[in-house]
Amino acid sequence: MSIPILSYPEARNYIAGEFQQNGSRSMPVISPLDGSTISSVILSDKEILDKAVQAAARAFKKWSSLTLKERVQIFFRFRALLEEHKEELANLVRIENGKTYEEAEAEVLKGIELSEFACSLPQIITDEVQEVSKGVECRTSHIPMGIVASITPFNFPFMVPLWTIPNALALGNCMILKPSEQVPLSAQKIAGLLKEAGLPDGVFNIINGDKEIVEAICAHPDIHAVTFVGSTRVAGIVYRQATSHLKRALCLGGAKNHLIVLPDANPEMSAANIAASMSGCAGQRCMAASAMVAVGKTDHIIQQICEEARRIVPGKNLGSVISKEAKERIERYITEAEAAGAKVLVDGRNVVVPDKEGGFYVGPTVIDHVKPEMNIAKEEVFGPVLAIMRTDDVDEAIRIENSSNYGNASSVFTENGGLAQYVTERVSAGMVGVNIGVPVPREPFPFGGWNESRFGVGDITGKSSIPFWTQLKKTTTKWNPEAWTDWTT
């Protein structure tokens, strides 16, 4: 699907229901599809954040006093607007992030699903009430945290903000969103559609910026909870800064997801899944298959993976990576692994897409005979690269997986149910798949990893997000039965 690259208005802050040009600095927004400048984005300072927090504070009392059922009506209308604008939103994601149109459309559809889950919250959340002894009743209620913040990454400019916005707001909070400065345009559209859906001014605000504004969010005394999605290094920093200021924080970091492939795996299905997992979204997702552990005689499956990888063509069914710097970094990992003795079976370096020579593309890359101690086996490459390690032993494959500092996802490919269970019970990952390259749970099941893929307690989506965005109030009531009055006489 050929879609022209368009230019967009400057990405501004959104405070108290209005887009505002109130930043002293700005930077260009570059489309990675062809390297062209498509917009600019304001970079805010902490004084602008104060204005957004004040707007949220003014809106909180009235918004939080509404019933949950009243609040979710906004998200029924918001969901309908997302459906109505689906093509426009997908096109915007494609242009600012570099995905294929099909991937961008899938991202929008996932955002619709996330909003749909928020609409179901009145059926999920019910106060617990019990008469614990004669005349004594205990009740628990979910109370919103207050003003909260969400800091989101470049790789899913539409979907990841909707990991947090619908649930946090429906549960009665007011939010400050800080989108990635590399992809600020989808957030602008989200703000406009929320306003059109009837969300009161000040309930949702956007502050654009860079490191300075992230630090200001972590330190602001009136922001009570923070979520972050990005690299593990920065996730750890944000978590420590936020919690040092006594905030509730949930920060999701990077990943090194291992696929354990056994000799009896279905070659066609496994190869198609692995190649798609490795290359989808140009490998720029924390659920991408970046490491494969081939157990025993699996040459026939590896050959099939290579055949599938060669059918993936940059600029056609493979999008770009986010920047020139990202392209250079990914290609350095490949070159370094080759120099260390790994064998490049499919080489995606030095790709140039006709008519998009200024774009940032890396072709699908399959590297065999990678050693676990190599950087490409241990570190998050965040590109369409599959590093294959070999072993003859299932337990050794599990040991390799468990040695990773990360713990987002792991999958096993086999036709043997017993072996599948053996592996899934022993790998150290929060999301596990059997014959599935990208084992992302669907709502109402939550998204979240283990180890250094997550800092904080709980998960960011689904039912598990409810405890993060609320605090429990416990009310105990005692009635004196002798005080009963007969009002009928």
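The values are calculated or read from the model by the stated rules, or taken from the named source; none is laboratory data. What you are looking at is a predicted structure, and each value in this text was computed from that prediction instead of being measured. Quick reminder, even Gly has a Cβ in these numbers, built from the backbone with ideal geometry, and neighbours come from all protein chains shown.
Yes/no matrix, rows are residues, columns are (1) under 15 Å from THR470 (Cα atoms); (2) among the basic types (Lys, Arg):
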{"site": "TRP63", "(1), (2)": "yes, no"}
{"site": "THR67", "(1), (2)": "yes, no"}
{"site": "VAL72", "(1), (2)": "no, no"}
{"site": "LYS99", "(1), (2)": "no, yes"}
{"site": "LYS110", "(1), (2)": "no, yes"}
{"site": "PHE117", "(1), (2)": "no, no"}
{"site": "GLU131", "(1), (2)": "no, no"}
{"site": "CYS138", "(1), (2)": "no, no"}
{"site": "GLY146", "(1), (2)": "yes, no"}
Considering residues that are touching an Asp or Glu at 6+ places or on another chain (Cβ under 8 Å), aliphatic (A, V, I, L, M) and within 21 Å of GLY462 (Cα to Cα), the number found within the range 142-198 is 2
Identify all residues within the range 441-458 that are more than 12 Å from ASN257 (Cα to Cα), assigned to a loop (DSSP other than H, G, I, E, B) and in contact (Cβ under 8 Å) with a residue 60 or more places away in the chain; write none if there are none.
ARG442, GLU443, PRO444, PHE447, GLY448, GLY456, VAL457, GLY458
List pairs: first residue in the range 169-196 and not assigned by TED's automatic domain parsing to the domain that holds GLU116, second residue aromatic (Phe, Trp, Tyr) anywhere in the structure, Cβ distance under 8 angstrom, at least six positions apart or on different chains.
none
Could you please find all residues in the range 382-410 being part of a strand (DSSP E or B), touching a helix residue (DSSP H, G or I) at 6+ places or on another chain (Cβ under 7 Å) and either more than 29 Å from GLY348 (Cβ to Cβ) or hydrophobic (A, V, I, L, M, F, W, C) (or both)?
VAL385, LEU386, ALA387, ILE388, MET389
Restricting to the range 254-273, what's the tally of residues that are among the small types (Gly, Ala, Ser) and touching a strand residue (DSSP E or B) at 6+ places or on another chain (Cβ under 6 Å)?
2
Is it the case that the range 202-224 has a residue that's free of Cβ contacts under 8 Å to residues at least 40 places away in the same chain, part of a helix (DSSP H, G or I) and surrounded by 20 or more Cβ atoms within 10 Å (Cβ to Cβ)?
yes
Residue hits (the range 218-241; over 19 Å from the mean Cα position of the chain (by Cα) and closer than 26 Å to SER24 by Cα) are CYS218, ALA219, HIS220, PRO221, ASP222, ILE223, GLN241
Report whether or not LYS62 is surrounded by fewer than 17 Cβ atoms within 10 Å (Cβ to Cβ), part of a helix (DSSP H, G or I) and of a type outside the set (Ser, Thr, Tyr).
yes
Restricted to the range 411-440, and to residues that are outside any helix (DSSP H, G or I) and of a type in the set (Val, Ile, Thr), which residue is nearest to LEU162 (Cα to Cα)?
VAL440
Any idea which residue in the range 457-468 is nearest to ARG248 (Cα to Cα), counting only those that are of a type outside the set (Val, Ile, Thr) and crowded, with 22+ Cβ neighbours inside 10 Å?
PHE468
Report, by residue number, each residue of the range 153-209 that is touching a Ser or Thr at 6+ places or on another chain (Cβ under 6 Å), within 13 Å of ILE74 (Cα to Cα) and not small (Gly, Ala, Ser).
PRO166, ASN167, LEU171
Taking GLY407 as the residue in question, decide whether it is surrounded by 16 or more Cβ atoms within 10 Å (Cβ to Cβ) and closer than 25 Å to THR461 by Cα.
yes
Listed by first then second residue, the pairs whose first member lies in the range 86-115 and is within 21 Å of PRO166 (Cα to Cα) and part of a helix (DSSP H, G or I), whose partner is of a type outside the set (Gly, Ala, Ser) and at pLDDT below 95, with beta carbons under 7 Å and at least 6 positions apart or on separate chains, are GLU113/GLU443; LEU114/GLU443
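Rundown of residues vs (1) closer than 25 Å to VAL214 by Cα; (2) buried (at least 24 other Cβ atoms within 10 Å of the Cβ), yes/no style:
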{"site": "GLY111", "(1), (2)": "yes, yes"}
{"site": "ALA118", "(1), (2)": "no, yes"}
{"site": "ILE125", "(1), (2)": "no, no"}
{"site": "VAL129", "(1), (2)": "no, no"}
{"site": "GLU137", "(1), (2)": "no, no"}
{"site": "HIS142", "(1), (2)": "no, no"}
{"site": "THR152", "(1), (2)": "yes, yes"}
Output for the range 124-157, where each listed residue is within 30 Å of GLN182 (Cα to Cα) and touching a Lys or Arg at 6+ places or on another chain (Cβ under 8 Å)
MET145, ALA149, SER150, ILE151, THR152, ASN155, PHE156
Residues that are in contact with a His (Cβ under 8 Å, 6 or more places away or on another chain) and over 14 Å from VAL293 (Cβ atoms): does the range 439-447 have at least one?
no
